[in-house]
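Asker: My questions all concern the structure below.
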Amino acid sequence: MVAVSEPPQPSYDELAARNAALEVERADLTARVARLEAVVAELTAQLKQNSKNSSRPPSSDSPFAKPAPKSLRGKSGRPAGGQPGHPGTTLRQIACPTRSVRHEPVACEGCGGDITDAPIVRVERRQVFDIPQPAVEVTEHEIRSRRCACGQVTAGCAPAGVDAPACYGPHIAAICSYLYAGQFLSKNRTADALSELFGVPISGGTVAAFVKRHAADVRASGVIEAIKAGLREASVVHFDETGFRVQARLQWVHCASTGKWSLLTVHAKRGTTAMDNAGILPRFRGIAVHDAWAPYDTYTLAKHALCGAHILRELAWAIEQCPAAGQWCWATQARDALLDLKRLAGDAQAAGHIRVDPVRKAELVHRLHSAALIGARSPGTGKGKDKERALARRLRDRQRDYLRFLDDGFAVPFDNNAAEREIRMLKLRQKVSGSMRTLAGAQNFCDIRSYLATAVKHAIRFIDALTMLAEHRPWLPAHT
């Protein structure tokens, strides 16, 4: 029988070395797991971001995972629908209808006798509002030439726009631009609509030519410069920007808006180069309302008011990061204080006051500032906590800009909705008809939208403004 020798036992020093190596490996694995957990937490936080708790637009929300409604307005206590004093749009009878049709009974429902000449005891009137079948009117212009006794032949002068053997009139041109720039149809769908509604044979290329001509007329008439002048002279202007697909590439549309003026411009850049090109902010000395995007703050001639709706969404995100439900959170206190301040301003304005209650204002501002101070010093590591502390620091350092809606007279609104409504039309256009093919075409669209949006703010209807434009007499705003 052969004896088997046992392997030599490791010495104490060898075991200690192995243990130390395992400890190093365990520490390395622990650190790696911590890093991976931080990455997972960051990615999870990004996935949880949506239009309700961040600055992301609603169009970026997944159609299969739409966030549940989280309105910050709260219940007003009023019933749904139109409120007392709302004018409404109920269809009502008119005194002089276009035509009247009589419906006479022929026989008595009781005895069956003839009642053709029986006395009338009651007349019930019902009016039907409808649109007659549209028909195209063709006007022929005869350009006559006459020979003078001296032998000279002189021709008559055709009206403006009558420059071909067969051409479209201003109303057709206005409707094309209305459907394209006002209702966001594509050029080909605009042509199809004209053909089906009015029996007018028209091509997408003709629609494009109308739009190009109308945009050129808007620029040549001085409307855009008048809008820019009105914006520069305004005391409060709203600014915003959004991405816009042009030539399959991301371009940027910038907006400036007040209650009377609207300007849309498109540029390859998002920052100050595009803002300088728009020509408002570099010379603006009023109050600029916008979100917290840093390039706006480089314009130091203006005062700045930051959008309250944006900070509320950011605070909603910070609240979701709280470790336990029901636990006190600085972001919750900041949100509630900001909403109470908004309500305080709204109640004072509704009551006809020019300022808010100073005692209540001081109390709520103190609550807001205290929450921001605590949030700026909140413990924790990771990108999420860094973002949360940065949010609190911004709320602390720029409190004056966030609370300009409390200034006497309430000239500054709480949010930046005026600019966002203008921008939303561009997103709607992109959703309905897709991206633009050329940068020049995108600028034409923005110029016509600026013209139309400003006209509506001066009580001029889209179709009326476009008809005047098609007739080479564009509407021009008057400065007051």
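Asker: When only Cα pairs under 8 Å and 6 or more residues apart are kept, what is the percent relative contact order across the range 84-166?
Answerer: RCO, the range 84-166: 14 percent.
Asker: Follow-up. Given an 8 Å cut-off on Cα distances and at least 6 residues of separation, report the relative contact order of the range 248-397 as a percent.
Answerer: 13 percent
Asker: Enumerate the amide H contacts of Asp240 below 5 Å, restricted to partners 5 or more residues apart or on another chain; note that Pro and chain-start residues carry no placed amide H.
Answerer: Sorted by chain and number, the residues that satisfy this are Cys255.
Asker: Let me know the charge dipole size of the range 205-283 about its Cα centre in debye, to the nearest 20, where only the beta-carbon of Lys, Arg (+1) and Asp, Glu (-1) is charged.
Answerer: Magnitude of the dipole: close to 220 debye.
Asker: Let me ask another. State in Å² the accessible area per residue of the chain; use a 1.4 Å probe, count heavy atoms of protein chains only, and round to the nearest integer.
Answerer: 63 Å²
Asker: Let me ask another. For Kirkwood radius over Cα pairs in Å, which listed value, (i) 28.8; (ii) 26.0; (iii) 24.8, comes from the coordinates shown?
Answerer: So the calculated entry is the one marked (i).
Asker: A follow-up question, please. With θ set to phi - 60°, apply the Karplus curve 6.51 cos²θ - 1.76 cosθ + 1.60 along the range 282-287 and write out the HN-Hα couplings as whole Hz, x wherever there is a Gly or Pro.
Answerer: x, 10, 8, 10, x, 9
Asker: Right, something else. Carbon and sulfur together cover what percent of the accessible area of the range 271-361 at a 1.4 Å probe radius?
Answerer: 53 percent
Asker: Can I ask one more? Using per-residue counts of other Cβ atoms within 10 Å, averaged over each peptide, order 288-300, 23-35, 143-155, 256-268 from highest down.
Answerer: Taking the mean over residues of other Cβ atoms within 10 Å, the ranking is 256-268, 288-300, 23-35, 143-155.
Asker: Another question, if that's okay. On a 0 to 90° scale, report how tilted helix 439-457 is relative to the longest principal axis of the chain, with both axes built from alpha carbons and the result rounded to the nearest 10.
Answerer: Taking the Cα atoms of the chain, the angle to 439-457 is about 70 degrees.
Asker: Which entries of Lys48/Lys431; Lys187/Lys457; Lys269/Lys385; Lys48/Lys383; Lys187/Lys431 have Cα-Cα distances beyond 19 Å here?
Answerer: The pairs that break the limit, which is 19 Å between Cα atoms, are Lys48/Lys431; Lys187/Lys457; Lys269/Lys385.
Asker: Quick one: compute the contact order of the range 373-480, relative version, from alpha carbon pairs under 8 angstrom and 6+ residues apart, as a percent.
Answerer: Reported relative contact order: 11 percent.
Asker: Going by average Cβ neighbours within 10 Å, how do the peptides 95-105, 305-315 rank, with the highest at the top?
Answerer: Descending mean neighbour count gives 305-315, 95-105.
Asker: Related question: So what are the ³J(HN,Hα) numbers for the range 305-321, from phi and the Karplus equation (6.51, -1.76, 1.60; θ = phi - 60°), rounded to whole Hz, Gly and Pro as x?
Answerer: Result, ordered by residue: 10, 8, 5, x, 5, 5, 5, 5, 5, 5, 5, 4, 5, 5, 5, 5, 7 Hz.
Asker: Here's a follow-up. Report ³J(HN,Hα) in whole Hz for each residue of the range 241-247, in order, from the Karplus equation J = 6.51 cos²θ - 1.76 cosθ + 1.60 where θ = phi - 60°; Gly and Pro get x.
Answerer: Computed from phi, the couplings for the range 241-247 are 8, 8, x, 9, 7, 9, 6 Hz.
Asker: Moving on to the next point. Compute the helix-to-body angle for 358-376: its Cα long axis versus the longest principal axis of the chain, expressed 0 to 90° and rounded to tens.
Answerer: Tilt relative to the chain: about 50 degrees.
The values are calculated or read from the model by the stated rules, or taken from the named source; none is laboratory data. Nothing here was measured: the structure is a model prediction, and the numbers come from that model. Note that we place each Cβ from the backbone using ideal geometry, even for glycine, and neighbour counts take in every protein chain shown. Accessible surface areas use protein heavy atoms only, side chains included; no ligands, DNA or RNA. Shrake-Rupley method; radii C 1.70, N 1.55, O 1.52, S 1.80 Å.
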